[in-house]
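Working notes for the structure below.
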Amino acid sequence: MQGPVLGIIGGTGLTQLANLEVSRRQVVRTPFGEPSGALTFGSIRGREVVFLARHGYGHTIAPHMVNYRANLWALHAEGVRRVVSVASVGGIAPGLGPGVIAVPHQIIDYTWGRKSTFFEGPDRPVTHIDFTHPYDASLRQSILRAATDVGEKAVPEGVYAAMQGPRLETAAEIDRLDRDGCTMVGMTGMPEAALARELDLAYAAIAVVANHAAGRGTSRDSIRLDDIHAALQEAMARVRSILERLVEHHADS
């Protein structure tokens, strides 16, 4: 591939890109084990991209079991320099109802026990990264511009709470996250964002609200999992339109 390659990591609801013209699939070996699946190389409107399904192409890998290190390493090894994560979230803030698309600008990590750095082991020096702003500002703006171009009113910021999963949260946990300043909740934002920073990858996320978070809105008494599937199915079609335009911006930049 010529020039820097755009990588797309698909989460729940986006295990494949229907608008991706596949050219090849490649299994990439890494020092950190197996990625979630083979990398899918192809093009969208003639622009080359690499796609990886975070939970596997059969959606069989739970959030806390994803090999985030292998995933990011594999993308980097194949020439990817900018990564867009697509992830489903629960909406905590009042304006984040099912079907809303948001581009978070901050993240709070509540996960535990996950392999969260490439710099560990007796032969690796302790390495610190600046993580003041966890998402790449330029890539975030490109996503927002692409959304505007296709008529989507994406929420331009948000604070993503990364929870351990795979269970959904209690209403009390969501109240706590709200007090902490979180506006949305998911399970895969960390350590993915930090690992991308360690590899010097520009990284940003498209968050798709699948449901009101526990205790909020239509989820006040319980979360209907069937409704989540329906919301994601509709919203991901709009996300694909954003990605198409984003790929064009990327190729022209």
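What to note about this one:
- Placing unit charges on each Cβ (+1 for Lys and Arg, -1 for Asp and Glu) gives the chain a dipole about its Cα centre, and among Pro191, Ser219, Leu177 the Cα reaching farthest toward its positive end belongs to Pro191.
- Ratio of the Cα radius of gyration of region 122-253 to 2.2 N^0.38 Å, where N counts its residues: 1.20
- For Val100, the residues 5 or more places off, or on other chains, whose built amide H falls under 5 Å of its own are Val209.
- The distance from the alpha carbon centre of region 207-253 to that of region 17-53 is 22 Å, rounded to a whole number.
- Residues with amide H under 5 Å from that of Ala214, placed H, sequence gap 5 or more: Glu169
- Beta bridge orientation in region 5-252: antiparallel %, DSSP, nearest 5: 35 percent
- Reported to the nearest whole Å, the Cα centre-to-centre distance from region 124-181 to region 70-104 is 8.
- Electrostatic bookkeeping for Leu139 treats Lys and Arg as +1 and Asp and Glu as -1; over the other residues with beta carbon under 12 Å from its beta carbon, the sum is +3.
- Of Val50, Val66, Val27, the one that fluctuates the most in a GNM where the chain has Cα springs shorter than 10 Å: Val27
- The chain, dipole about Cα centre (Lys/Arg Cβ +1, Asp/Glu Cβ -1), debye to the nearest 20: 320 debye
- Using C-alpha pairs below 8 Å separated by at least 6 residues, the relative contact order for the chain is 26 percent.
Values quoted throughout were computed directly from the atomic coordinates according to the rules given, and no laboratory measurement underlies them. Everything quoted here is computed from the prediction, not taken from an experiment. We place every Cβ from the backbone using ideal geometry, glycine too, and count neighbours over all the protein chains shown.
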